[in-house]
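Worksheet: the structure to be examined is printed underneath.
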Amino acid sequence: MPLDIDLRVPDSLVVQLYGRYCCANKLAGEVDLFEALDDVRKHYNVDENRITVRGFSMGGAACWQFAVHFPGKWAAAAPGAGFSETPDFLKVFQNEKLKPTDFEVKLWHMYDCTDYAANLFNLPTVAYSGEKDRQKQAADMMAAAMKKEGLELTHIIGPNTEHKYEAAAKEEVIKRIDEIAAKGRNPVPQKIRFTTWLLLYKQYKDPRKLEVLRDVVRYSVTEGQSNADTLGYIPLPAPVVERVKAAVENVKLASNAS
């Protein structure tokens, strides 16, 4: 649990991560969490249905990362004042003028939590921001992304507060997360929503690989959708299906293909 030291959790096992320095436990930093949890399980009896992920600032960014990419592992998430996506954050918080390449924009899909907002469908999430904190932007961006998915973010705001926890707001976050954790995670929810992104080459030299790739993707968004209800998934919305179809048709055979 990437956890701010000011957000103590009484009567619990608390795992605090170094997080590979300044990467907010993203990408390779994810490994730290799961290796740490595996080690804790060797020494303690862990209730898998009452694990929560919490964090502030860089830890809040890590919390968003773990929440949207691994929502089924936690009873609740409490991200505080940590960045959740790339382009808007860099403009608002760091005053950067962005001129990303096409491949950089595509790679942001691996990094930006807003692109995975639907994955919070089954994960109770209580975000925190200081009213005067520029990093409130992160939770606002997630709230907007969740709203597009028909979800509402619980966002506790510390009045007249910059980049820190306000005392009453902190207690409210702790209270809400503890109440959720006491009920525990539902390991077998009736419905599941989970979004992910495929990282594909623009061109393939082997025509057989290209055709198999296209067939798999096409099936997953057409005939494969008929299995969604049986498996407990919510079928993909029609606009998403059309976007996926269009994207896979843009994957081409290389001009020097054999």
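Does anyone have the angle between helix 58-69 and the longest principal axis of the chain? Alpha-carbon axes, 0 to 90°, nearest 10?
50
In what order do 156, 192, 234 fall by count of nearby beta-carbon atoms within 10 Å, going from fewest to most?
Values: 156 21, 192 16, 234 13.
Going from least to most buried by this count: 234, 192, 156.
In the structure displayed, which of 91/245; 132/183; 136/170; 147/245; 136/164; 147/175 lie more than 22 Å apart, Cα to Cα?
Working: 91/245 32 Å; 132/183 33 Å; 136/170 15 Å; 147/245 25 Å; 136/164 11 Å; 147/175 24 Å.
Beyond 22 Å: 91/245; 132/183; 147/245; 147/175.
Taking amide hydrogens as modeled 1.01 Å from N in the peptide plane, which residues meet the under 5 Å criterion relative to residue 254, leaving out close sequence neighbours?
204, 205
Which angle between 0 and 90 degrees, to the nearest 10, do you get for helix 207-221 versus the longest principal axis of the chain when only C-alpha atoms count?
Around 50 degrees separate the two axes.
At most 14 other Cβ atoms within 10 Å and a DSSP loop assignment: could you name the GluC sites (Glu not before Pro) in the range 122-213 that fit?
Values: sites: 131, 149, 152, 162, 166, 171, 172, 179, 211; in loops: 131, 149, 152, 162, 166.
Here the GluC sites (Glu not before Pro) that fit, given the DSSP loop and packing criteria, are 131, 152, 162.
Which three extents, in angstrom, do the Cα atoms of the range 17-79 have along their principal axes, listed largest first?
Sorted from largest, the Cα extents of the range 17-79 read 31, 20, 17 Å.
Among residues other than residue 137 whose Cβ falls under 15 Å from its Cβ, what is the net charge (Lys/Arg +1, Asp/Glu -1)? Walk me through the numbers before you get to the answer.
Working: positive: 91, 132, 134, 136; negative: 85, 88, 96, 112, 131, 133, 140, 162.
That sum, taken over residues with Cβ under 15 Å, equals -4.
Against the 2.2 N^0.38 Å scaling, with N counting residues, where does the range 203-253 land? I'd like the Cα-based Rg ratio to two decimal places. It would help to have the intermediate numbers written out before the result.
Numbers: Rg = 12.5 Å, N = 51, 2.2 N^0.38 = 9.8 Å.
Here the Cα radius of gyration is 1.27 times the empirical estimate.
Could you grab the relative contact order for the range 1-129? Cα pairs under 8 Å, six or more apart, rounded to a whole percent.
Working: 197 pairs, mean separation 31.2, N = 129.
For the range 1-129, the relative contact order is 24 percent.
What order do you get for 64, 197 when you list them from fewest to most C-beta neighbours inside 10 Å?
Details: 64 34, 197 14.
In increasing order of surrounding Cβ atoms, one gets 197, 64.
If R0 is 41 Å, what FRET efficiency do you get for residue 94 and residue 15 from their C-beta distance, rounded to 0.05? Please list the in-between numbers first.
On the way: r = 30 Å, r/R0 = 0.73.
The calculated FRET efficiency here is 0.85.
Label-point separation (nm) for residue 34 and residue 46, each offset 7 Å from Cα along Cα-to-Cβ?
The answer from the label model is 1.2 nm.
Between helix 167-183 and the chain, what is the angle of the helix's C-alpha long axis to the longest principal axis, kept within 0 to 90° and rounded to the nearest 10?
60
Efficiency by 1/(1 + (r/R0)^6): what FRET value for residue 241 and residue 131, r their Cβ-Cβ distance, R0 = 45 Å, to the nearest 0.05? Mind dumping the intermediate values first?
Numbers: r = 41 Å, r/R0 = 0.90.
About 0.65, to the nearest 0.05.
Give me the percent relative contact order of the chain, please, defined on Cα pairs under 8 angstrom at least 6 residues apart.
Working: 420 pairs, mean separation 41.0, N = 258.
Computed over the chain, the figure is 16 percent.
So how long is each side of the chain along the principal axes, counting just the alpha-carbon atoms, biggest first, in Å?
Sorted from largest, the Cα extents of the chain read 63, 46, 35 Å.
So which trypsin sites (Lys or Arg not before Pro) in the range 182-258 pass both tests, a DSSP loop state and at most 12 other Cβ atoms within 10 Å of the Cβ?
Working: sites: 183, 185, 191, 193, 202, 205, 208, 209, 214, 218, 243, 245, 252; in loops: 185, 191, 193, 202, 205.
Filter output for the range 182-258: 191, 202.
Scan around residue 76 for amide H atoms under 5 Å from its own, H built in the peptide plane at 1.01 Å from N, and keep only partners 5 or more places away or cross-chain.
Residues meeting the amide H criterion: 53.
Among 125, 143, 160, which residue has its Cα positioned farthest towards the positive end of the charge dipole of the range 91-171, with +1 placed on the Cβ of Lys and Arg, -1 on the Cβ of Asp and Glu, and the dipole taken about the Cα centre?
160
Averaged over all directions, how much area does the convex hull of the C-alpha atoms of the range 154-218 cover when projected, in nm²? Before the final figure, lay out the partial values.
Values: hull surface 37.0 nm².
So the Cα hull casts an average projection of 9.2 nm².
Okay, helix-only estimate at 222 nm for the chain: each DSSP H run of n ≥ 4 adds -39500 (n - 2.57), divide by all residues, round to 500 deg cm²/dmol; what do you get? Numbers along the way, then the final one.
Working: 9 runs with 99 residues, N = 258.
Rounded to the nearest 500, the figure is -11500 deg cm²/dmol.
Rule-based calculations on the coordinates, nothing more; no lab input. Everything quoted here is computed from the prediction, not taken from an experiment. No Cβ is skipped: glycine too gets one built from the backbone with ideal geometry, and neighbour counts run over all protein chains shown.
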